[in-house]
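Written below as structure tokens is the structure these notes are about.
The values are calculated or read from the model by the stated rules, or taken from the named source; none is laboratory data. Since we're looking at a predicted model, the values are computed, not measured. Cβ coordinates were reconstructed from backbone atoms using ideal geometry, including for glycine residues, and neighbour counts include every protein chain displayed. SASA here: full protein model, heavy atoms, side chains in, ligands and nucleic acids out. Shrake-Rupley method; radii C 1.70, N 1.55, O 1.52, S 1.80 Å.
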Amino acid sequence: MKKETLNSDEAALLRRKAEKQLKDKKTLDSIPLSESDTIKLLHELEVHQIELEMQNEELQTAKAKADINTEKYTNLYDFAPAGYLTLDKGGRIIELNLNAASMLGKERLNLMKSNFNFFLTTETRSTFNHFFEKIYKTKIKQVCELQLYIKEKPSLYIHLEGNVSDDKEYCFLTAIDISDRIEAETMLLKAKEKAEKNEKELNKAQHIAHLGSWYLDLATNKMVWTEELYKIYGLDSRLPIPPSSEYLQLFTPKSRKVLLAAMKRTTETGLPYE
């Protein structure tokens, strides 16, 4: 109530001042001006007009620069190689760039107010929830890896980084597509599993046939034996392969000479030996 009274008083005071200035102006207007005063007044008016025009030009220039900077920021944001999203405390999408919209498989406008959790696979939702809660709890950057669930699109894996805003109202996310890396790791794991399976099958076959095999990496001079070869030599397969000086002692002097010559010939020519 006090505020309304004060505003009314200020308005009344301002009106009185305006009326006084108007009255003073009329009084001045009624006083005849000399030619020199008139010229001086006209000069001041022209200078004032130029000042206003210059100020207007500066404002227009500042506005043009601001528009250019805004456009640059918009382009950098929208066409960045990473996906940028802003979520509210409930996990709903408030803002995102074009790359993020592409990752989620929808037009940007159709993603507003959508819950980010909706686009995750069931297996990774709990990971995101823990990540999201930790951001607000610790107020420091958090990271995680998630898999997106997008209909009619191949699996998409993302590396997610998140920070909370200064007012603790929003969460800023950066999403990077790591699908190629995950695919390469998956293929490597499958190849390793296949190699281990083949090795088991080889060991089984060699055990049945009572055959042993080995190979030597010429670049590192590292030798690998199969399990059956250990047994043929009467050695414990849990122990490391003996050095060449000890290994060659397993053969008779005559056989040792034949073996070394054969290995040397194969190393130099690439031809197999028996």
Bounding extents of region 84-159 in its principal axis frame from Cα atoms, largest first in Å, are 36, 24, 17
In debye to the nearest 20, the charge dipole size for region 167-225, taken about the Cα centre with +1 at each Lys and Arg Cβ and -1 at each Asp and Glu Cβ, equals 500 debye
HN-Hα couplings for region 190-195 via Karplus (6.51, -1.76, 1.60; θ = phi - 60°), in whole Hz with x for Gly/Pro, come out as 5, 5, 5, 5, 5, 5
Once Leu96, Leu250 are ranked on solvent-accessible area with the largest value leading and a 1.4 Å probe, the list reads Leu250, Leu96
For region 146-274, the Cα-Cα pair-distance distribution in 10 Å bins from 0, as whole percents, is 9, 23, 22, 12, 13, 11, 6, 2, 0
From the Cα centre of region 92-130 to that of region 141-198, the distance in Å is 14 Å
By accessible area (1.4 Å), largest first, Lys200, Lys139 order as Lys200, Lys139
With all protein chains present and a 1.4 Å probe, the order of Glu58, Glu44 from largest accessible area down is Glu58, Glu44
Counting only protein heavy atoms and leaving out ligands, DNA and RNA, the solvent-accessible surface of Tyr149 at a 1.4 Å probe, in Å² to the nearest 10, equals 130 Å²
